[in-house]
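The structure under discussion appears below in the form of structure tokens.
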Amino acid sequence: MATPPPSSPAPSSSGKPATAWWVGAVAIALLIGVGGYLLGHSTGVSSTEDEYAEGTAKYEEIYNAGAAAGTQVGQSAGEKQGKAQGVAAGEKAGFERGEEQGKKEGEAAGLEQGQAEGREAGAEAALSFTSWNTGSPYIIRVQESTTANVPYSISTRTQMVAGKAYALCTGSATEVCVKTDTTSASSE
């Protein structure tokens, strides 16, 4: 006797759909739901984001307000920085000019003071004496100086006094002799 071939299961007689059918129905429902969401989102259901998209009036309003505020802040910062740089550059230029002018004036004052001191030192070296009676006549003897840059100096001096006669001494061409004047001298 031969064994009969296996047979397929008999359909359910309860009238309920099989599990595979439910899985397929759920998958189709999900696809329809996701597709509907994507289709609705891409076709432009209006949102706040869309109201402020580039090129819209609200975008331009916000952009212009930001640009104006940024320009004001930038200009204020630039002016402040520019002023500080200008002050620093002005101080430097003024210092340099002042230093140059101060050097010139200092050199001129130093030269003038040096010349005055030089004249005084030269006069002291040439005259050799520290006190003179101004307005009084003197008889002096000049000699070669031993001081550098002073060619001559006074070696002796005799203050002339009224009532005296002054003349070279007999036998000496360099000595002055003083005599009491018996004749009246006239002055010019």
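For Lys179, give me every one of the lysines with a C-alpha distance below 18 angstrom, ignoring sequence neighbours fewer than eight places off in its own chain.
Lys164
Put a dot 7 Å past each Cα toward the Cβ at Ser155 and Leu127; how far apart are the dots in nm?
2.1
Just check the stretch 133-180 against the gyration tensor rule for me: Cα atoms, a ≥ b ≥ c as the square roots of the eigenvalues, rounded for a/c under 1.5, and otherwise prolate or oblate depending on whether a/b exceeds b/c. Walk me through the numbers before you get to the answer.
On the way: a/c = 5.04, a/b = 1.54, b/c = 3.28.
It is oblate, given that a/c is not under 1.5 and a/b is not larger than b/c.
Computed from the coordinates by the stated procedures, all read-outs in this text should not be read as laboratory data. Note that this is a predicted model, so its numbers are computed, not measured. Note: ideal-geometry Cβ built from the backbone for every residue, glycine included; neighbour counts use all protein chains shown.
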